[in-house]
Amino acid sequence: LNQAVEKYYYETRVHNRLAQIYAREGDVAKVIETMDRAVELNPRRSATYNGAKGQLLYKLGELELAAEAFDRAHFRGPFGSDLHRFSTQNRVKQIQQQIDKDEKRKKRGF
(Lines give C-alpha, C1' and ligand atoms only; values in the text may rest on other atoms or scores of the structure.)
Protein backbone atom coordinates (compact mmCIF):
# COMPACT_ATOMS: atom_id res chain seq x y z
CA LEU A 1 0.00 0.00 0.00
CA ASN A 2 2.84 2.40 0.68
CA GLN A 3 4.05 1.85 -2.89
CA ALA A 4 0.51 2.37 -4.17
CA VAL A 5 0.26 5.63 -2.23
CA GLU A 6 3.35 6.95 -3.98
CA LYS A 7 2.20 5.76 -7.40
CA TYR A 8 -1.50 6.62 -7.11
CA TYR A 9 -1.32 9.63 -4.81
CA TYR A 10 -4.50 11.06 -6.36
CA GLU A 11 -6.62 8.03 -5.36
CA THR A 12 -8.47 8.68 -2.12
CA ARG A 13 -9.21 4.98 -1.67
CA VAL A 14 -5.53 4.10 -1.35
CA HIS A 15 -4.90 6.63 1.43
CA ASN A 16 -8.12 5.71 3.21
CA ARG A 17 -7.34 1.98 3.10
CA LEU A 18 -3.86 2.52 4.51
CA ALA A 19 -5.22 4.72 7.31
CA GLN A 20 -7.90 2.09 8.08
CA ILE A 21 -5.21 -0.55 8.48
CA TYR A 22 -3.30 1.65 10.90
CA ALA A 23 -6.55 2.35 12.77
CA ARG A 24 -7.22 -1.38 13.17
CA GLU A 25 -3.77 -1.66 14.72
CA GLY A 26 -4.61 1.27 17.02
CA ASP A 27 -1.73 3.40 15.71
CA VAL A 28 -3.07 6.95 16.03
CA ALA A 29 0.18 8.59 14.95
CA LYS A 30 0.28 6.63 11.69
CA VAL A 31 -3.37 7.45 10.93
CA ILE A 32 -2.64 11.15 11.36
CA GLU A 33 0.58 10.91 9.36
CA THR A 34 -1.11 9.03 6.50
CA MET A 35 -4.01 11.44 6.17
CA ASP A 36 -1.84 14.54 6.52
CA ARG A 37 0.42 13.17 3.79
CA ALA A 38 -2.68 12.58 1.64
CA VAL A 39 -3.70 16.23 2.05
CA GLU A 40 -0.18 17.30 1.19
CA LEU A 41 -0.16 15.18 -2.00
CA ASN A 42 -3.68 16.06 -3.09
CA PRO A 43 -4.90 19.30 -1.46
CA ARG A 44 -8.05 19.41 -3.58
CA ARG A 45 -9.37 16.46 -1.61
CA SER A 46 -8.51 17.89 1.80
CA ALA A 47 -12.14 17.94 2.96
CA THR A 48 -12.53 14.25 2.12
CA TYR A 49 -9.28 13.28 3.81
CA ASN A 50 -9.99 15.32 6.93
CA GLY A 51 -13.46 13.82 7.19
CA ALA A 52 -12.07 10.29 6.97
CA LYS A 53 -9.34 11.21 9.45
CA GLY A 54 -11.99 12.52 11.85
CA GLN A 55 -14.03 9.31 11.59
CA LEU A 56 -11.01 7.09 12.25
CA LEU A 57 -9.79 9.19 15.17
CA TYR A 58 -13.28 9.23 16.64
CA LYS A 59 -13.43 5.43 16.49
CA LEU A 60 -10.03 5.28 18.19
CA GLY A 61 -11.32 7.46 21.03
CA GLU A 62 -9.22 10.51 20.20
CA LEU A 63 -12.07 12.98 20.50
CA GLU A 64 -10.07 16.22 20.54
CA LEU A 65 -8.14 15.24 17.42
CA ALA A 66 -11.33 14.05 15.73
CA ALA A 67 -13.04 17.38 16.41
CA GLU A 68 -10.05 19.21 14.98
CA ALA A 69 -10.11 17.06 11.83
CA PHE A 70 -13.85 17.54 11.35
CA ASP A 71 -13.40 21.27 11.83
CA ARG A 72 -11.10 21.27 8.80
CA ALA A 73 -13.30 18.88 6.81
CA HIS A 74 -15.77 21.26 5.23
CA PHE A 75 -15.43 22.35 1.64
CA ARG A 76 -14.35 25.91 1.14
CA GLY A 77 -14.66 28.09 -1.88
CA PRO A 78 -17.29 28.22 -4.60
CA PHE A 79 -18.01 24.48 -4.46
CA GLY A 80 -18.62 24.29 -0.73
CA SER A 81 -22.22 23.64 0.22
CA ASP A 82 -23.95 25.08 3.25
CA LEU A 83 -25.37 21.66 4.08
CA HIS A 84 -21.95 20.03 4.21
CA ARG A 85 -20.54 22.93 6.23
CA PHE A 86 -23.46 22.69 8.67
CA SER A 87 -23.07 18.92 9.06
CA THR A 88 -19.36 19.12 9.83
CA GLN A 89 -19.89 21.97 12.29
CA ASN A 90 -22.68 19.97 13.92
CA ARG A 91 -20.36 16.96 14.21
CA VAL A 92 -17.74 19.12 15.94
CA LYS A 93 -20.38 20.35 18.40
CA GLN A 94 -21.47 16.79 19.17
CA ILE A 95 -17.92 15.69 19.83
CA GLN A 96 -17.28 18.76 22.00
CA GLN A 97 -20.38 17.93 24.04
CA GLN A 98 -19.13 14.38 24.48
CA ILE A 99 -15.72 15.68 25.62
CA ASP A 100 -17.40 17.99 28.14
CA LYS A 101 -19.58 15.14 29.40
CA ASP A 102 -16.54 12.88 29.85
CA GLU A 103 -14.72 15.61 31.76
CA LYS A 104 -17.67 16.05 34.11
CA ARG A 105 -17.74 12.29 34.75
CA LYS A 106 -14.03 12.30 35.59
CA LYS A 107 -14.54 15.17 38.04
CA ARG A 108 -17.32 13.24 39.77
CA GLY A 109 -15.13 10.13 39.94
CA PHE A 110 -17.03 7.89 37.53
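Values computed for the structure shown
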{"read-out": "Helix-only CD estimate at 222 nm, as mean residue ellipticity for the chain, using -39500 (n - 2.57) per DSSP H run (n ≥ 4)", "value": "-24500 deg cm²/dmol"}
{"read-out": "Surface share of carbon and sulfur [accessible, 1.4 angstrom probe, percent] for the chain", "value": "49 percent"}
{"read-out": "Per-selection metrics, the chain (Cα): Rg and Dmax in Å", "value": "15.2, 52"}
{"read-out": "Peptides ranked, highest mean first, by Cβ atoms within 10 Å: ranges 41-54, 10-23", "value": "41-54, 10-23"}
{"read-out": "Gain in span if fully extended, LYS30 to SER87, counting 0.36 nm per residue against the direct Cα distance", "value": "17.9 nm"}
{"read-out": "Charged-residue dipole, Cβ positions (Lys, Arg, Asp, Glu), region 3-97 about Cα centre, Debye nearest 20", "value": "340 debye"}
{"read-out": "Listed residue pairs exceeding 22 Å between alpha carbons, taken from LYS53/LYS106; LYS59/LYS101; LYS59/LYS93", "value": "LYS53/LYS106"}
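The values are calculated or read from the model by the stated rules, or taken from the named source; none is laboratory data. Remember, predicted model here, so these are calculated numbers, not experimental data. Cβ sites come from the backbone with ideal geometry, for glycine too, and all protein chains shown count toward neighbours. Protein only, heavy atoms only, side chains kept; ligands, DNA and RNA dropped before computing areas. Shrake-Rupley method; radii C 1.70, N 1.55, O 1.52, S 1.80 Å.
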